[in-house]
Amino acid sequence: MKHVLVPGGAGYIGSHTVYALINSGYKVIVVDNLETGFKQAIHPDAVFYHGDIRDSAFINSVLDNEHIDAVIHFAANSLVGESMTNPLKYYDNNLHGTRVLLDAMLKHEIKRIVFSSTAATYGEPERIPILETHRTNPTNTYGETKLAMERMFYWTQAAHGLKYVSLRYFNACGALPGGKIGEAHNPETHLIPIILQAALGKRENIAIYGDDYPTRDGTCVRDYIHVDDLAQAHILAMEHLLNNGSSEIFNLGNGLGFTVKEVIEAAERVVGHPINQIISPRRAGDPAQLVASSEKIIRMLNWQPKMPDIEAIVASAWAWHSTHPNGY
Ligand code: UDP
């Protein structure tokens, strides 16, 4: 049985990936500082160490205790708005934290890592759909630190033979079928949870950030991908590395773009009633359209999204939010 270290395994995408790993027969060791993650999100069969990846003594002691075959790294801050008001926090946790983790991995001869990157590495896209070879020019600190992480892995590979897969996620959403774990952020900034909080009456309305974009109904187009489809991609990427595969960067989206208004309409069909909405000014740094080409991961790793349908994605999120209106 292979042993997988998952820094950030108590967060949204991390916790779903831990469930998928355990279902696939892996032993999982979670490291999390619980700053934005939740203890209740950690699979009961995972081994859990409470601590911070920036704490070198801590992360080295975890690696002394455990025999680790590969790392799937989620431990990072990921709020675009916050990254603009507090950029150094992002350099510290995302970049410095990853450096400390990487240093400890190399000391312990662990040379395979899959990690979370983002569509925010592209900035304003050159063309739609976005390919991995397109220009990267982040428009926010969050995307900048993720791109810098990719480059850090690239140069470490050249010097130390590290192998990595970077997964550039588009809009992660939905929840584990069965409603055990789901999306919970404080404060919440993501579209689908906010729409569903409005549907539950926990907010007065959903504010649509701009209806004057050059898109079919004036609202932004995004590529929404189910969190379990993301989780499966992490396992495929890790198995690729465990089979001595090459370092790669992959986009992860469905290749389908939906406008903000279309997502609200899908949510109204799921919850069965209208949801209050207002038009607000544009949010700084929002590109009009972000839609992935995931051809590369489909071709190279045989990844196939199982839940590309927006209504099914929203329904899976609703199963979680309607039963956990206050999160964990
Ligand atoms: N959005 C919105 N109202 C909200 C939150 C988000 O209109 O309260 C829009 C946002 O402008 C973007 C899309 O919904 O076009 C997805 O935003 P989210 O923050 O979920 O993800 P992002 O695309 O920023 O990664």
Worksheet item: Where is the GNM fluctuation largest for the chain (alpha-carbon springs, 10 angstrom cutoff): I278, I195, I53?
Response: I278
Practice prompt. Place a label point 7 angstrom from the Cα of Q304 along the Cα-to-Cβ direction, then list the residues of the range 205-237 whose backbone nitrogen is under 16 Å away.
Written response: 229-230, 232-233, 236
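Whenever you get a sec, compute what percent of the accessible area on the chain sits on carbon and sulfur atoms (1.4 Å probe).
50 percent
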Response to the item:
Quick calc: nm separation of the 7 Å Cα→Cβ label points for S322 and S247 -> 4.6 nm
Discussion item. Using all alpha carbons of the range 224-326, what is the percent of pairwise distances in each 5 Å bin, ordered from the shortest bin to the longest?
Written reply: 2, 10, 17, 18, 16, 15, 10, 6, 3, 1, 0
Fill in: Residue of Y224, Y90, Y209 that the Gaussian network model of the chain assigns the largest fluctuation, springs spanning Cα pairs under 10 Å
Y209
Discussion item. Given the chain, report the % of alpha carbon pairs whose separation exceeds 26 Å.
Written reply: 45 percent
Discussion item. Starting from the 7 Å offset along Cα-to-Cβ, what nm value, one decimal, do you get for the label separation of E239 and K89?
Written reply: 3.8 nm
Worksheet item: In the range 219-306, which trypsin sites (Lys or Arg not before Pro) fall in coil by DSSP and have 11 or fewer other Cβ atoms within 10 Å?
Response: K306
Item to complete: With a probe of 1.4 Å, find how much accessible area the range 192-260 has per residue, and write the answer as a whole number in Å².
Response: 33 Å²
Discussion item. Restricting to bridges with both residues inside the chain, how much of the DSSP beta-bridge set is antiparallel, in percent to the nearest 5?
Written reply: 5 percent
Response to the item:
Within the range 175-254, DSSP-loop GluC sites (Glu not before Pro) with at most 10 other C-beta atoms within 10 Å are E204
Fill in: For A172, residues with placed amide H under 5 Å, excluding near neighbours
I225
Worksheet item: Which residue, chosen from T189, M238, A288, occupies the Cα position most advanced towards the positive end of the dipole of the range 187-328, where the dipole is computed from +1 (Lys, Arg) and -1 (Asp, Glu) charges on Cβ about the Cα centre?
Response: T189
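If contacts are Cα pairs under 8 angstrom and at least 6 residues apart, what is the relative contact order of the chain in percent?
After rounding, I find 19 percent.
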Item to complete: Specify the angular offset, from 0 to 90 degrees and rounded to the nearest 10, of the alpha carbon long axis of helix 227-242 from the longest principal axis of the alpha carbons in the chain.
Response: 20 degrees
Worksheet, complete the sentence: Nearest-0.05 FRET efficiency for D64 and E268 at R0 = 56 Å, using Cβ-Cβ distance, is 0.60
Discussion item. To the nearest 20 Debye, how big is the dipole of the chain about its Cα centre, given +1 on the beta carbon of each Lys and Arg and -1 on that of each Asp and Glu?
Written reply: 360 debye
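The values are calculated or read from the model by the stated rules, or taken from the named source; none is laboratory data. Predicted model, so just to flag it, every value in this text is computed and none were measured. Here the Cβ is made from the backbone with ideal geometry for all residues, glycine too, and neighbour counts use every protein chain on show. All accessible areas refer to the heavy atoms of the entire protein, side chains included, with ligands and DNA or RNA removed. Shrake-Rupley method; radii C 1.70, N 1.55, O 1.52, S 1.80 Å.
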